[in-house]
Structures are given as structure tokens and as C-alpha cells.
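Participant: Take a look at the following structure, please.
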Amino acid sequence: MSAPLNIGILCHPTYGGSGVVASELALSLAARGHGVHLFSHAVPPRLARSPGPVRMHCVRGLPYPLFASPPHDLALASAVLDVHRNQGLDILHAHYALPHAVSAFLARSAAEAEASVRPAPRVVTTLHGTDITLVGSDPSYAPLTRFAIASSDGVTAVSESLACRTRQGFEGDGREVGPIEVIPNFVDTDVFHPGAGASQDNPALPRAVHVSNFRQVKRVPWLVEAFARATRGREAHLTLVGDGPDRAAAEAKAVACGLEGSVVFLGERDALAELLAPADIFLLASTEESFGLSALEALSSGTPVVATRAGGVPEVVLDRETGLLSDVDDAEGFAANIAALLFDPERTRTMGRAARADAMERFQIEGAVGRYEALYRRVLARPRGEGRQ
């Protein structure tokens, strides 16, 4: 049996994909006997609900008049270095190239200067989406993003689409980012299952649900308008879970479409499994989506997905098998797909069964955690200073 590792995980404390994946990965690694430290500026919701043995480090930069904002990235690197000095870390797993891979690189570099005390940890970076497609590609950050990726001892992406996008955006002019291993996001199928939530054998109305952070890229107002078009002249119910910059615009769109009695805005919720399982369909209207973790959680719950062909979504939702996909700008097609499933219970049930089976076959949590664990050991076995193979 291989010796347990000491692993530091750096992540955002979000309800979204990267925070969920990092938290679930930390808990699963700890359950396998590894020592796991999680570094963030707040406790991620998934970790906060768990009694697991992950050691949480809340890191916040020092407020000081000299700084325009607290230097969180430097405080993060310092906290990681402190834990490494005292307890030793084998792996630093950064979720997001910026800022976490940069903070991990800085901590690794400082540890290398003290290598006589403890060997410096290796750095694995997981790319999740906007760290490449939005923040990382901005000219203000692109050179540093490329450096962080190329300097990592191991790099993964959550979809083939994101890996391809990374190579397209950061390679060229003699520069390379090195190999990128695709390890898809995963779902706990014991938590997200068709039996979660209250039983509603004879629901009064067909039900759709959407979960997101209500950022512009999620197009929640566009989704509401499509739902209005799909249900014109027929009754149905839409539940919107989450919060963010576009919530007010989405609420205004619901009123403008005359859906005040048909659309409910719940705000942020932890009980996602109980909200996804009773729904007939899940809606996702993003213009950019590296993977679509909420869609996967719906599929695992036996709820088929109506979505746009954005980024990695077609790698998760199998068109006409576990859901229906339309082009990103095809509002009529998206609305037609909503109607095609929402008002066809037999087709919806058939797709729901296929969705559950596919989630269990391709996206089980244990398989993904095993792949990360194997990557850590390959990275550690490689001679120090040797590039990624």
C-alpha cells in the first residue's frame, strides 16, 4: 500500500464548480488516509457541511492603507509556506491558474530555498474555465497565466474543450504550456440521486430548474424569456436557484413576460439535490461553460438537461440521449427544446433514466479522485526539475 501524502489544496470558496470540486476532492482524499489542508479566504460551503478531517486555513490579506486591496495572493503563499515548514506538504493542488497557481509557485520557490529542511512540494494546477477564457486571457494577466501553467509540475483541465482552448490561447511564437491531462469533474451519485427531495408522484405542473451564480455568461434573463416562449399558452413552473449580478435583470424579465406566478427566485441554497431531483428538466443557457457541473448534478439526479452547446457541455450532456442541445445563439431552438421535454413526460422519464445511468458510468467521484491521486504520485516520482512528460 502506498504511503499517504500531505496535500495542500488552494481554491475559491464558491458554490460554483471549482469550489465544489476542490472541496469534494479534499474530503475524498482525506477519507483515503491522506493529510489534507485546504487554503481559501473563507470556508467553501461543501466543506462547511462536512465533519471530515480536512484542515481548513482561512487566509486573508492584511488591510493596510498602502494597498488598494489586501494582498490575498501573498498571504495565501505565506500561509502555505508556514504549513509546509511545520508539517511538510508533498503536493500543492491549485484550482484556477490565477491566483492560486501563482501563489503555489511562490510558496514552492520559497520552499526550494529551504530544501535542506524539507523537500519543496510539487505543484499541480487544475484549470476550470474563466481562469483561461476570461481572466487568464486578458492582456493584463495572459503572460502570468502562461507562466503559471508552464511552471506547474502537473496540469489538468476539466474538459477536452478547455484543454484545447488553453493550447489555442497560450501556445505559439515558440511558447508551449506543456501536456494537459483531462480529468472531468465528478458528482457524488449517492447525494445526487432521483430519490432526493420530497416525493411528488402527481405534480400539478411541469417543473424546470436552473442553478448558477447569475453572472452575465449564464444568461439567466435570456433563459427566462426562452421559458416564456416555450410555455406560452400552457402552465409550467420555473425555479431559479442562486444569486449574482443578473438577478435583478432576470426578475424584471420575468415580470415583463408575465411570469410572476410561474417563476420563483430562491436565492442561494445548499439543498441542491433536493431541488434537482423533483424537477422535470434542468436548464442551462450559458455562452461559455468549460464543463457544467450543475448540469451533471442534474443528470445524476435523473433530471434531463436542456442546454446550449457551449464549451464542454456536449462532453457532459449527450444530445438526444440525456438531454437536448441547441446552438448558443439559437433562442428559438432552445425554447423548442424546453417545450419538447417539459410537456412530454414519457420522453422526459426515458431521458432521465439514461441521464442517471450515464452519470454513474462516466462521472463517479471515486474514479476521478483515483486519477488525481495517480497524477500526484507520478509528479512526485519524476526527478525534480524535469519538465512535464
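The values are calculated or read from the model by the stated rules, or taken from the named source; none is laboratory data. Everything quoted here is computed from the prediction, not taken from an experiment. Because the Cβ atoms are built from the backbone with ideal geometry, glycine has one as well, and the counts that use them run over all protein chains shown.
Participant: Among the listed residues 35, 52, 61, 16, identify the single one that is touching a Leu at 6+ places or on another chain (Cβ under 9 Å) and at pLDDT 90 or above. Spell out the reasoning first.
Facilitator: Numbers: 52 fails: at pLDDT 90 or above; 61 fails: at pLDDT 90 or above; 16 fails: at pLDDT 90 or above.
Going through 35, 52, 61, 16 in turn, just one is touching a Leu at 6+ places or on another chain (Cβ under 9 Å) and at pLDDT 90 or above: 35.
Participant: Would you please name the residue that is farthest from residue 127 (Cα to Cα), looking only at residues in segment 263-278 that are outside any strand (DSSP E or B) and in contact with a strand residue (DSSP E or B) (Cβ under 8 Å, 6 or more places away or on another chain)?
Facilitator: Once the filter is applied, the top-ranked residue is 278.
Participant: Given 59, 21, 102, which one is under 30 Å from residue 365 (Cβ atoms), in contact with a strand residue (DSSP E or B) (Cβ under 6 Å, 6 or more places away or on another chain) and in the same structural domain as residue 138 (by TED's automatic domain parsing)?
Facilitator: Numbers: 21 fails: in contact with a strand residue (DSSP E or B) (Cβ under 6 Å, 6 or more places away or on another chain); 102 fails: in contact with a strand residue (DSSP E or B) (Cβ under 6 Å, 6 or more places away or on another chain).
Answer to the check: 59.
Table: residues versus (1) of a type in the set (Val, Ile, Thr); (2) crowded, with 20+ Cβ neighbours inside 10 Å; (3) assigned to a helix (DSSP H, G or I).
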| position | (1), (2), (3) |
| --- | --- |
| 30 | no, yes, yes |
| 36 | yes, yes, no |
| 39 | no, yes, no |
| 57 | no, no, no |
| 64 | no, no, no |
| 68 | no, no, no |
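Participant: Check segment 321-329 and report whether any residue there is of a type outside the set (S, T, N, Q), under 21 Å from residue 184 (Cα atoms) and out of contact with any strand residue (DSSP E or B) (no Cβ under 6 Å at 6 or more places or on another chain).
Facilitator: Keep residues of segment 321-329 that are of a type outside the set (S, T, N, Q), which gives 321, 323-325, 327-329.
Keeping just the survivors that are under 21 Å from residue 184 (Cα atoms) gives 321, 323-325.
Filter once more, so that each one left must be out of contact with any strand residue (DSSP E or B) (no Cβ under 6 Å at 6 or more places or on another chain): 321.
Yes: segment 321-329 contains one or more residues that are of a type outside the set (S, T, N, Q), under 21 Å from residue 184 (Cα atoms) and out of contact with any strand residue (DSSP E or B) (no Cβ under 6 Å at 6 or more places or on another chain).
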